[in-house]
Amino acid sequence: MEYQNRKYPQFSACGLSCGLCPRYHMSGTSRCPGCAGDGFFTKHPSCGVLACSRRREIEYCYACDEFSCKKYDGAEQSDSFITHLNQLNDMDKVKNIGITAYSKELDEKISILEKLLANYDDGRRKSFFCIAVNLLELQNLKNTVSRIELEAHPQHPVKERAATAVHLLQMAADEQGVSLKLRKKAKK
């Protein structure tokens, strides 16, 4: 299996939802095209997970007989640009419902994130919105966004709209019992 662009780079071989990462929603040279998306290998020429999946001739790690291997040890304990909290759960979900059904749900979340970024980002909320959309259950997220649209009036300054959106997403996260902060690796 040769390195090639993936059909659905928004969901990575290792189970991260690349389409919900702040770097996926950037413009310019820092933008990441998602897992093995167009131009990925110039930015990430030595991804160990993709090299392994290529050797094993699988598209996603969950299809491997050795999943979850040592590459996943501690993966859910800290984050990079994107939260890793749902990484293993999302792999299980894809395994159970299939990539087509999962990608439909992820595309819906990506659309919600794009709406939040376009209408409620005051230049400081991209990571927060990415984490919230990633971690909140889809129905909870839809309900919260509907409430945001009712309470954050378009004629209000973006700073006010952002504050309303953050407040309501934080309330939804508290009700769901999730933290909307990236977790840093513990210093040794």
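The values are calculated or read from the model by the stated rules, or taken from the named source; none is laboratory data. Given the structure is predicted, the values throughout are model-derived calculations rather than measurements. Heads up, the Cβs are rebuilt from the backbone with ideal geometry, glycines too, and the neighbour counts pull from every protein chain shown.
Each row is one residue, and each column tells you yes or no for (1) assigned to a helix (DSSP H, G or I); (2) within 17 Å of the chain's Cα centre (by Cα); (3) not basic (K, R).
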site	(1), (2), (3)
K93	yes, yes, no
N96	yes, no, yes
K104	yes, yes, no
R183	no, yes, no
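Each row is one residue, and each column tells you yes or no for (1) loosely packed, with under 15 Cβ neighbours inside 10 Å; (2) at pLDDT below 95; (3) touching a helix residue (DSSP H, G or I) at 6+ places or on another chain (Cβ under 6 Å).
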position	(1), (2), (3)
D79	no, yes, no
T83	no, yes, yes
D90	no, yes, no
K104	yes, no, no
I110	no, no, yes
R125	no, yes, yes
Q139	yes, no, no
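Y120 - would you say it is in contact with a Lys or Arg (Cβ under 8 Å, 6 or more places away or on another chain) and within 17 Å of G34 (Cβ to Cβ)? For Y120, the condition - in contact with a Lys or Arg (Cβ under 8 Å, 6 or more places away or on another chain) and within 17 Å of G34 (Cβ to Cβ) - is not met. The set of residues from the range 144-156 being out of contact with any helix residue (DSSP H, G or I) (no Cβ under 9 Å at 6 or more places or on another chain) and at pLDDT 95 or above comprises just one member, S146. Every condition in (1) free of Cβ contacts under 8 Å to residues at least 12 places away in the same chain; (2) closer than 16 Å to L16 by Cβ is met by D92 except one, and the failing one is (1).
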